[in-house]
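Let me begin by presenting the structure, written as structure tokens, before commenting on it.
Only the coordinates and a few stated rules stand behind these numbers; no lab work does. Note that the structure is predicted; figures quoted are calculated from it, not measured. Note that each Cβ is placed from the backbone with ideal geometry, even for glycine, and that neighbours are counted across all protein chains shown.
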Amino acid sequence: MRLLVVEDERGIAGALRQGLRESGYAVDLARDGMQARDYALATSYDVILLDVLLPKLDGLSLLRQLRKRGMTTPVLLLTAQDAVDHRVTGLDAGADDYLVKPFSFSELLARIRALISPNASGAGNSTAKPTLSTSISAICGASSGGRPNPR
């Protein structure tokens with residue numbers, strides 16, 4: 001299974017790429033919206049993990065462009081924007097799911113599996129153990145359970 005991760009924050013991007021690879025996925029990484037558009041149009045992906053706040057082309061504009069071109073690849077928005085209005089806007093723009101940062105790596109894997117297929121097996125299956133959940137939670141600022149640390 002091939003994923004496109006679109007994330008401009010280096011620490012989060014690197015941890016996601018490593019954790020997803022360790023979970024059995026092939027992962028391409030784009031650090032801005034323009035690069036992500038080029039990757040998405042040139043390669044077939046099973047799921048796109050898309051940050052909303054990106055340089056050069058924001059995630060929602062990119063998502064709208066891809067949907068306008070007929071792309072049906074499932075898109076999971078990853079963003080710190082947690083207001084209901086933001087979630088509704090993202091879903092209305094064509095996202096298939098929306099996950100608020102900070103998040104649990106095991107929840108991310110479950111959402112990817114759900115987007116690929118309710119009966120998915122192989123890479124990223126339910127028996128895969130997320131080895132980087134602690135590291136990703138720390139980078140994203142989460143405590144156990146994917147809830148934000150009070151600061």
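Listed values, structure above:
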{"read-out": "Pair D58, A42: separation of 7 Å Cα→Cβ label points (nm)", "value": "2.7 nm"}
{"read-out": "Relative packing of 85-92, 15-22, which averages over residues the other C-beta atoms within 10 Å, highest first", "value": "15-22, 85-92"}
